[in-house]
Amino acid sequence: MAEEIRLMKGNEAIGEAAVRAGCAAYFGYPITPQNELTAYMARQMLAKGRTFIQAESEVAAINMVYGASSTGVRAMTSSSSPGISLKQEGISYLCGADLPAVIVNVARSGPGLGGISPSQGDYFQATRGGGHGDYYTIVLAPKGVQEAADLTYEAFSISEKWRVPVLILADGLIGQMMEGVVLPEPIDPGTLPRKDWAVGHAAEMHRPYNHVTSLNLVPDELEAANRARFERYDQIKKELVRYEEIDVEDADLVFVAYGTAARVCHGALEMARAAGMRVGLFRPITLWPFPSVRLSELAEQGKHFLSVEMSMGQMVEDVRLAANGKAPVYFYGRSGGNVPSQEEVFAEVKRLMGL
Amino acid sequence: MTEKTFMAGFGGQGIISLGQLWVYSAIKEGLKVTFFPFYGAEKRGGIARASVIVSSDEIKSPIVTSADSVVVMNQDSVQIAEKVCKEGGTIFVNSSLVKTDPARPDARIVHVPCNDIALRLGDVRIANMVMMGALSKVTGAVKLDKLESILTSFFSSNKRALISLNIAAVEEGKKAVS
């Protein structure tokens, strides 16, 4: 029998995928355009006897994630751009304590309170750590409802494997849009292995108590912890990089775009190909680690890049770093909650090609 | 096959339900779908619009900017229909409420008196289902032959009595354009 295809909003599919991944504790605070996710978790987590708390603020929610994660359970929070900004202190602490967590950003337009329409203006914040100190979080960028569910499901195990928080960077369109989705197999949180680093069960294992903290006042020790973490980051860069390529091989001009913008570029690609132009699409799925090595290879092959973003130009800086002067890198962006149409992206391609 | 539809009306006319049932039916008929709604904060009377795509292939951009078909449920939506309809596309007009045709001589205009038909059937709230029948008949993109089972899960148990009324509205919509 074929797997059941359900029609779901991105926000709900992310919630259901987290429940199925064995998320034991969700902490949130309402904000548009991710409210359906918090509402979904309120219904589903409580019905399953798991922990759901609508915290008094985003800051409280991320610190509850820290507490829950310290005990070794799968913990999660979600918000949208201004709320994610509020969580940055807690995310830095999670990274300093080497705690896993899944954080979902259904991004909206900014800066400030901005608007509630979709945006990719949080790329810098997501891929550069976002809070204080030397750290990164793993950043996964889904292009639609199915991938949002798949990546959320996987995010929990990725985060536990590396002991690095995973940020799902979606946007208001992916959160609000409905598509067909096939959901992954449910995992019972009770069957997940206990964590030997977690607080609370050291005595019965006849080991010293685990102390989960980001504080260390001895410079050499703190530096050693940072170095160990950065060695893990190097390993993550080797093992976790993901991207999708469409019609790149013979392309003269390659779109570089993620999430919703990549869908728009795929539409523009079809228009360009129909007009006989050799255009391709390179879609980073991991924004950190960024697929720099592959982009660098493509730059060596003489391809030109057009970074298309729902921002004033953020990922384009990583594309330029990867191209390292070997290939021209162009940028086209819309902001303020505007999603570019495939027609306007195609018009930009024609302009760049001198047509 | 890909059918990109832009649906527009005011809040309360069932634009969102229309789009959801359209794509839900399409999934059951084996198609890929995207449904992206946008509407005002008002419970009734604000704008209600949806970008709706059904396709036998993977759907690229979910934003409908060059629509194969446009559904216009109220007078205020005529202007947006004129803008979003592709060259030679089809515009479905709820002729009960829309008194001026979209100024698009290249497009095929299909008149469906949705509110009148719905009132004749006994409930103005099923005007959206009349339109869905017309959309199905003319575009052929979604057959709606599995609608009954979908409505069974769409309506809560105390509203099941409305299923036959909705099915009748779809049938009348089909008839209105044959």
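The values are calculated or read from the model by the stated rules, or taken from the named source; none is laboratory data. This one's a predicted model, so the numbers in the text were calculated from it and none came from an experiment. All Cβ positions, glycine included, derive from the backbone under ideal geometry; neighbour counts span all protein chains shown. Accessible surface is based on the protein model in full, side chains and every heavy atom, while ligands, DNA and RNA are left aside. Shrake-Rupley method; radii C 1.70, N 1.55, O 1.52, S 1.80 Å.
Residue by residue through the stretch A:298-327, note down the ones that are open to solvent by less than 50 Å² (accessible area, probe 1.4 Å) and not aliphatic (A, V, I, L, M).
Residues of the stretch A:298-327 that are open to solvent by less than 50 Å² (accessible area, probe 1.4 Å), as a first pass: A:298-299, A:302-303, A:305-311, A:313-316, A:318-319, A:322-323, A:327.
Across the stretch A:298-327, the qualifying residues are A:G302, A:K303, A:F305, A:S307, A:E309, A:S311, A:G313, A:Q314, A:D318.
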### Message
I'd like to check something: does the stretch A:262-277 contain any residue that is closer than 22 Å to A:R128 by Cα and either at pLDDT 95 or above or open to solvent by 50 Å² or more (accessible area, probe 1.4 Å) (or both)?
### Response
yes
Within the stretch A:3-58, the count of residues that are within 14 Å of chain B (Cβ to nearest Cβ) and closer than 15 Å to A:Q146 by Cβ comes to 11
Screening A:A322, A:A347, A:A272 for residues that are hydrophobic (A, V, I, L, M, F, W, C) and free of Cβ contacts under 8 Å to residues at least 12 places away in the same chain leaves only A:A347
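Among the listed residues B:S69, B:S55, B:S77, identify the single one that is touching a residue at least 24 places away in the same chain (Cβ under 8 Å), out of contact with any helix residue (DSSP H, G or I) (no Cβ under 8 Å at 6 or more places or on another chain) and away from chain A (no Cβ under 14 Å).
One residue alone meets the criteria, B:S77.
Which residue is least open to solvent (accessible area, probe 1.4 Å), if the candidates are limited to the stretch B:2-25 and must be within 9 Å of chain A (Cβ to nearest Cβ) and farther than 8 Å from B:A50 by Cβ? Reasoning before the result, please.
We begin by selecting, within the stretch B:2-25, every residue within 9 Å of chain A (Cβ to nearest Cβ); these are B:19-20, B:23-24.
Among the residues that remain, those that are also farther than 8 Å from B:A50 by Cβ are: B:20, B:23-24.
Numbers: B:Q20: 44, B:V23: 0, B:Y24: 56 Å².
Taking the candidates together, the pick is B:V23.
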Across the stretch A:329-355, the tally of residues that are open to solvent by 30 Å² or more (accessible area, probe 1.4 Å), away from chain B (no Cβ under 14 Å) and more than 27 Å from the chain's Cα centre (by Cα) stands at 6
Out of (1) within 14 Å of another protein chain (Cβ to nearest Cβ); (2) within 19 Å of B:V170 (Cα to Cα); (3) open to solvent by less than 50 Å² (accessible area, probe 1.4 Å), the one B:F35 does not meet is (2)
Residues of the stretch A:91-107 being within 16 Å of A:G10 (Cβ to Cβ) and open to solvent by 20 Å² or more (accessible area, probe 1.4 Å), in sequence order, are none
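Condition check ((1) in a helix (DSSP H, G or I); (2) at positive phi) across all residues:
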residue: A:T260; (1), (2): yes, no
residue: A:C265; (1), (2): yes, no
residue: A:F282; (1), (2): no, no
residue: A:G325; (1), (2): no, yes
residue: A:V345; (1), (2): yes, no
The one condition A:T38 fails out of (1) surrounded by 19 or more Cβ atoms within 10 Å (Cβ to Cβ); (2) part of a loop (DSSP other than H, G, I, E, B) is (2)
Exception for B:A161 within (1) aliphatic (A, V, I, L, M); (2) closer than 19 Å to B:N94 by Cα; (3) open to solvent by 80 Å² or more (accessible area, probe 1.4 Å) falls at (2)
When B:A48 is run through (1) open to solvent by less than 20 Å² (accessible area, probe 1.4 Å); (2) assigned to a helix (DSSP H, G or I), the failure sits at (2)
Checking B:K60, B:K86, B:K99 in turn, the sole residue that is within 14 Å of chain A (Cβ to nearest Cβ) and either hydroxyl-bearing (S, T, Y) or out of contact with any strand residue (DSSP E or B) (no Cβ under 8 Å at 6 or more places or on another chain) (or both) turns out to be B:K60
Only unsatisfied item for A:S292, checking (1) within 18 Å of A:A126 (Cα to Cα); (2) surrounded by 21 or more Cβ atoms within 10 Å (Cβ to Cβ), is (2)
Reported set for the stretch B:99-132 where residues are under 15 Å from B:C85 (Cβ atoms) and of a type in the set (D, E) is B:D101, B:D106
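Does A:L113 meet the test of being of a type in the set (A, V, I, L, M), without any contact (Cβ under 8 Å) to a residue 40 or more places away in the chain and more than 14 Å from chain B (Cβ to nearest Cβ)? Even if it seems obvious, please write down each step before you answer.
On the way: of a type in the set (A, V, I, L, M): yes; without any contact (Cβ under 8 Å) to a residue 40 or more places away in the chain: yes; more than 14 Å from chain B (Cβ to nearest Cβ): yes.
So A:L113 fits the description; yes.
Got a number for residues in the stretch B:63-79 being within 15 Å of the chain's Cα centre (by Cα) and of a type in the set (S, T, Y)? Quick ask: steps written out before the conclusion?
Taking the stretch B:63-79 first, the residues within 15 Å of the chain's Cα centre (by Cα) are B:64, B:67-74, B:77-78.
Going one step further and asking which of them are of a type in the set (S, T, Y), we end up with B:69, B:77.
Here the count works out to 2.
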